[in-house]
Amino acid sequence: MSPLIVGRSLVVSSDSTTVEQLTNGMRQFAISADVCPDLRKATILINTRKFEAIVIDLSLGQNVDDFFGKVRLSPSNRNSVIFAISGDEELAPRLPANFVITKPVNPEIVGSMFKAALGLIIRDYRRYFRCPMVIPVLITIGKKAQIQCEMVNISEGGMAIRTAAIFHSGAVVACRFKLPGQANALEMEAEVCWCDYKGRAGLQFRSMLEEQRIRLQTWLSEKIEQGIPDPVARLFERRARSAEC
């Protein structure tokens, strides 16, 4: 079983020393890193994957300004925490980034930056977290047709299912399922957002009672927290308590 992560990052840099310092610093906070040496490939990645943190080395050239803008326009990554790596301390205040790390990269500085950003990274991760889950789901189309399906994974916003039926994108259905450890089933309206015609389909939740929404969010949060490494969990709890004071 692969170790649980609390966030995924994209490190955009061609400086091997900088990359090593950054990835080592992130690893201690259970943050994984995809490394990309140039902005062209990085632009493709932000349009196809979700990252809770994006680190940009400004030494890659003038196109970094455009890249900042593309990140903020990306549907999946517009709320990502952005770190800029800069060799110019005077430039730092003018950068459209959440955090700025100056060169040469210092492991202690990297650790303190990610420690400060950990709450933001985990909260963003929770919004997109998909929990693998194999449980039965009853799908109702209209008022009559009922189809027994099997859940593959679930998130706050939707779920993937296995089914022998063929669904059409845009179709509105009703879903009913019971999460492990819960006595009462969840019932909600969902829209079919994709179907691969090979026995899998994706549903996006459209509406549910607030009480059920809270139950789902709480259940997913517990699943994440059960797997967070103890040192990271304790650190996040301390930061959460400080924010409440």
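The values are calculated or read from the model by the stated rules, or taken from the named source; none is laboratory data. Note that this is a predicted model, so its numbers are computed, not measured. A quick note on method: Cβ atoms are made from the backbone with ideal geometry, for glycine too, and the neighbour counts reach across all protein chains shown.
Have a look at VAL105, VAL134, VAL173 and point out the one that is among the hydrophobic types (A, V, I, L, M, F, W, C) and touching a helix residue (DSSP H, G or I) at 6+ places or on another chain (Cβ under 8 Å).
Selected residue: VAL105, the only one of VAL105, VAL134, VAL173 that is among the hydrophobic types (A, V, I, L, M, F, W, C) and touching a helix residue (DSSP H, G or I) at 6+ places or on another chain (Cβ under 8 Å).
Can you name the strands (runs of 3 or more DSSP E) wholly within region 118-181 that have at least 1 residues being farther than 29 Å from PRO75 by Cα and touching a Phe, Trp or Tyr at 6+ places or on another chain (Cβ under 8 Å)?
Where strands (runs of 3 or more DSSP E) fall fully within region 118-181 and carry at least 1 residues being farther than 29 Å from PRO75 by Cα and touching a Phe, Trp or Tyr at 6+ places or on another chain (Cβ under 8 Å), they are 136-141.
For region 93-108, indicate whether the set of residues that are under 13 Å from the mean Cα position of the chain (by Cα) and buried (at least 17 other Cβ atoms within 10 Å of the Cβ) is non-empty.
No.
Return the total of residues in region 30-53 being within 14 Å of SER14 (Cα to Cα), touching a helix residue (DSSP H, G or I) at 6+ places or on another chain (Cβ under 9 Å) and either at pLDDT below 90 or among the charged types (D, E, K, R) (or both).
2
Of the residues PHE68, PHE83, PHE129, which is over 17 Å from the mean Cα position of the chain (by Cα) and not aliphatic (A, V, I, L, M)?
On inspection, the qualifying residue turns out to be PHE68.
Of (1) outside the structural domain of MET208 (by TED's automatic domain parsing); (2) under 29 Å from THR218 (Cα atoms), ILE44 satisfies all except one. Which?
Just one mismatch for ILE44, condition (2).
Only one of (1) of a type outside the set (Val, Ile, Thr); (2) touching a helix residue (DSSP H, G or I) at 6+ places or on another chain (Cβ under 9 Å); (3) over 26 Å from VAL11 (Cβ atoms) fails for MET113. Which number is that?
(3)
Across region 132-151, what is the number of residues that are farther than 18 Å from GLU189 by Cα and surrounded by 15 or more Cβ atoms within 10 Å (Cβ to Cβ)?
1
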